[in-house]
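A short write-up of the structure that comes next.
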Amino acid sequence: MAPSPNPAPLFPDSPSGSSHYAELKLSSAATPQELHQAFRHLSKLYHPDTTQLPPQQAASAFARLQLAYATLSDPARRRAYDQHLALLAAPSLRPVVAPGPGTAAGRRVSVHRALSGGEWLALLLLGVALILSLVLGLGVAWARGLALVTPPSWSVAAVDSPPEPPLPPVLPQTAKAEPPTNADAPP
């Protein structure tokens, strides 16, 4: 089934064209307590069982009221709705969308966010593991009697002993070497 060319919006506006805040007669800075109080008050006015409005009109008004309350009472949905209203207020700004299959694969979208509690815990555990492994390694070396710090061989030789004499040059030999003579041997 092919998707429709005009999919339903994420936050459908009410038929009167007002926002969810206007449906509840609140400002966008309303607290959750104010939101709840406004919903209770208006639900008594628009509920089909308690209103003097015609049943169709009462049902429609109550459904819009329930939708507005459901959207604004959930903090995540309220943030998304506020962003939606901000985009509608500034039409020159285009929403940022994730790159799809037809976009360039080499481009990355940078996201800066705070570390979560689990990420902080993982970093803490990695740091503790690093410190414990260093302590364990040094403890084993100390228990075996190994020197914890050994200077490099080139610096020890230069400080502790006199310089070695240079080696004599190797000359090519042109004459055959005579066998060594033994003075104790009979002639």
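The condition of being assigned to a helix (DSSP H, G or I) and either modelled with pLDDT of 90 or more or exposed (fewer than 10 other Cβ atoms within 10 Å of the Cβ) (or both) does not hold for L87. Look at the stretch 123-149: where a residue is at positive phi, no partner that is of a type in the set (G, A, S) and surrounded by fewer than 10 Cβ atoms within 10 Å (Cβ to Cβ) sits 6+ places away or on another chain with Cβ atoms under 6 Å.
Could you tell me whether L85 is farther than 24 Å from V111 by Cα and in contact with a Ser or Thr (Cβ under 8 Å, 6 or more places away or on another chain)? Spelling it out, it is not the case that L85 is farther than 24 Å from V111 by Cα and in contact with a Ser or Thr (Cβ under 8 Å, 6 or more places away or on another chain). When each of Q37, Q66 is tested for being at pLDDT 85 or above and out of contact with any helix residue (DSSP H, G or I) (no Cβ under 9 Å at 6 or more places or on another chain), the lone residue that passes is Q37.
Taken over the stretch 36-52, the criterion of being more than 50 Å from the chain's Cα centre (by Cα) and surrounded by fewer than 15 Cβ atoms within 10 Å (Cβ to Cβ) is satisfied by D49, T50, Q52.
The values are calculated or read from the model by the stated rules, or taken from the named source; none is laboratory data. Predicted model only: the values in this text are computed from it and were never measured. Heads up, the Cβs are rebuilt from the backbone with ideal geometry, glycines too, and the neighbour counts pull from every protein chain shown.
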